[in-house]
Every structure is written in structure tokens, then in C-alpha cells.
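*Asks:* The structure is given below, and queries will be raised subsequently.
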Amino acid sequence: MALTVEQIHAAADQIAAQGEKPTLARVRKALGGGSFSTISEAMQEWREQQSEEHALAEVQVPEALAERVQQLQAAAWQLAIEEAERRLAAEREALQEAQEAAAAQVAEAQEAVQTLETEAEDLDQALVTLQNQLTDAEAVAKDALAARQQAEQQRDADAARLEEKIKGLEARLADAVDARKQAEARETAAAQDAKATGTTLDEVRHKLGKVQREAATAEARAQERAEALRAEQEARQADAEAHRQAMVELRTDHRERLDALETQLQNTQERAQEAEQGRTQAEARLAVLESGKQQRGDDR
């Protein structure tokens, strides 16, 4: 919210009522902040009003002068001379007060410049801190991206290894099926040979049962191993997906922090620019005051 002239004049009146001189810094402190340029313009108007009120308070028409003019022109002339001398002394006093006021304004401007320089240094320090924080955030984001890439590479490698294991199991399963087919072929041949002799048939049937059991056992083991490998692959894929999601959330969090730091850095730069503008205006005002002071000294 911008300060108004009435607020600035009220703060100056309050400081003056407390017996203190209302400088730019004191008025700004009483208002809780504000632009030195705005406060300086309002305070210049306030000082002019104070000077006019002071001058009006001092101008009094001597009653004795009016009475003595009616009585005696000579006495009136003497009073007129005394009044002229008094006014000359008053003008000299006013000139002295103007010089002192100009010096006070110069001191106020110097104090304002010093305050702006201090604020500018603080803003510069805050800007350096934000830049360091931005650098740290960028480094964290780079580390997170590298970790994600490494996790994806590890996931691809694990998937390739599982694929190779599955292919090996499928090959072993095919071999078991072939062995079963061969056993069935041998069983057929043995059955044909059993027609010739019952003893040979019993031996063949015994061997066939053994081969079938071995084939069934091998097939069951191969199937269990395949299912275990599939379950392991699914678990690894789930872990990889969870890790990928965590990396996405981490990257989003770092991006939000980076955006917040960039916003804070922009605000700080704007404040530094405003402070620099205020400083430039204060220096220009100081130059004008010093020029006016020098000119009044030359005129005197």
C-alpha cells in the first residue's frame, strides 16, 4: 500500500510534538517503511508549511506604532526605522534558519543514502545466498537424474538376464518333452516286442514306468522353476516401477523447489532494483540541495 502525503505529514507532526526533529529516516521508521523519494517530496511540502506558519506567527502590527503615528510623525519615522531594522534582523535570522535547514536536509539525504546503501548490501547478500541455493538445487536434480538413469539401466540388465533364464528353462522343458516322446516311442516298440515274450514285456513296462516317472519329475521341476522365475521377474519389475515412480516424485519436488528459488531470486532482484532507484533519487536530491546551499552562500 502506497503512502499518502497526509500519513507522512501526520508522522512528522507526531515526531515534532515529541520534541524531536522529523528527519527522513525517523519519519520512514515511524511509518514502518516506504520510499525515500515519496517521503522526501512530502517532507519538503511539510517544511514549507511550517515555515509559512512560523512567518505568519511572527508578523504582528505594533499597536504602539499606530498610536504614535497619529500623535507624532517624527516618532512614527523612528519606529518605522526600528521596524525596518527588526525586519532586516528577522530576514537575516530567516536566512540563517534556511541555511541550517538546508544543512539539515543534506544530513537527512546523507542518512537516507546510507540507509539505502545498507539495504542494498543486505539485498546483495540475500541474492548471493539464493544463487548458492539454486546451484545446490541444480546439483541435487542432476544427481537424481543420474540415479534414475542408473536404476533404469539396472532394470534393463535384470530383465535381460531373466529373459535368458526363461529361454534356458523353455529349452530344458522342450528336451523333457522330447525325452517323453522318445520314452513313448520306446514303450510302443517294447509293446510290440512283448507280443513275442511276456518276460520281456514286463521288463519293458518296468523301464517305461521308470522313464515316465523321471520325465514327469523333470517336467514338474522345470515348470516350478519357470513359475518361480516368472514370479521373480514380476517382483523385480514391480520394484523397478516403484523406484521409477519415486524418482519421478523426487524430480518433481526438486523442480518445485527450483521454481520457488527462482521466484524468490526474481523478487530479490526487483527489490534491489527499487533500492538502487531510491538511492539514485536521493543522490540527485542531495546534489540539488548542495547546489542550492552553494548558490545561497554565493548570494550572501
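The values are calculated or read from the model by the stated rules, or taken from the named source; none is laboratory data. All values derive from a computational prediction rather than experimental measurement. Don't worry about glycine lacking a Cβ; one is built from the backbone with ideal geometry, like all the others, and counts go over all protein chains shown. Calculation scope for accessible area: heavy atoms of the full protein, side chains included, ligands and nucleic acids excluded. Shrake-Rupley method; radii C 1.70, N 1.55, O 1.52, S 1.80 Å.
*Asks:* Does Arg172 satisfy being in a helix (DSSP H, G or I), farther than 22 Å from Ala240 by Cβ, free of Cβ contacts under 8 Å to residues at least 60 places away in the same chain and not hydrophobic (A, V, I, L, M, F, W, C)?
*Replies:* Numbers: in a helix (DSSP H, G or I): yes; farther than 22 Å from Ala240 by Cβ: yes; free of Cβ contacts under 8 Å to residues at least 60 places away in the same chain: yes; not hydrophobic (A, V, I, L, M, F, W, C): yes.
Spelling it out, Arg172 is indeed in a helix (DSSP H, G or I), farther than 22 Å from Ala240 by Cβ, free of Cβ contacts under 8 Å to residues at least 60 places away in the same chain and not hydrophobic (A, V, I, L, M, F, W, C).
*Asks:* Does Arg296 count as surrounded by fewer than 15 Cβ atoms within 10 Å (Cβ to Cβ), at pLDDT below 75 and assigned to a helix (DSSP H, G or I)? Let's see the steps before the verdict.
*Replies:* Values: surrounded by fewer than 15 Cβ atoms within 10 Å (Cβ to Cβ): yes; at pLDDT below 75: yes; assigned to a helix (DSSP H, G or I): yes.
Here the answer is yes, as Arg296 does meet what is asked.
*Asks:* Please enumerate the residues belonging to segment 237-275 that are at pLDDT 80 or above and either crowded, with 17+ Cβ neighbours inside 10 Å or over 28 Å from Ala137 (Cα atoms) (or both).
*Replies:* Residues satisfying the conditions are Gln237, Ala238.
*Asks:* Exactly one condition in (1) at pLDDT below 90; (2) touching a Gly at 6+ places or on another chain (Cβ under 9 Å) is not met by Val27; state its number.
*Replies:* Val27 satisfies every listed condition except (1).
*Asks:* Could you check segment 85-125 and list, in sequence order, the residues that are closer than 17 Å to Glu262 by Cα and at pLDDT below 80? Spell out the reasoning first.
*Replies:* Residues of segment 85-125 that are closer than 17 Å to Glu262 by Cα, as a first pass: 123-125.
The answer is Leu123, and nothing else.
*Asks:* Here is a follow-up. Which residues, taken from segment 1-26, are open to solvent by less than 60 Å² (accessible area, probe 1.4 Å), without any contact (Cβ under 8 Å) to a residue 24 or more places away in the chain and under 17 Å from Glu119 (Cα atoms)?
*Replies:* Matches in segment 1-26: none.
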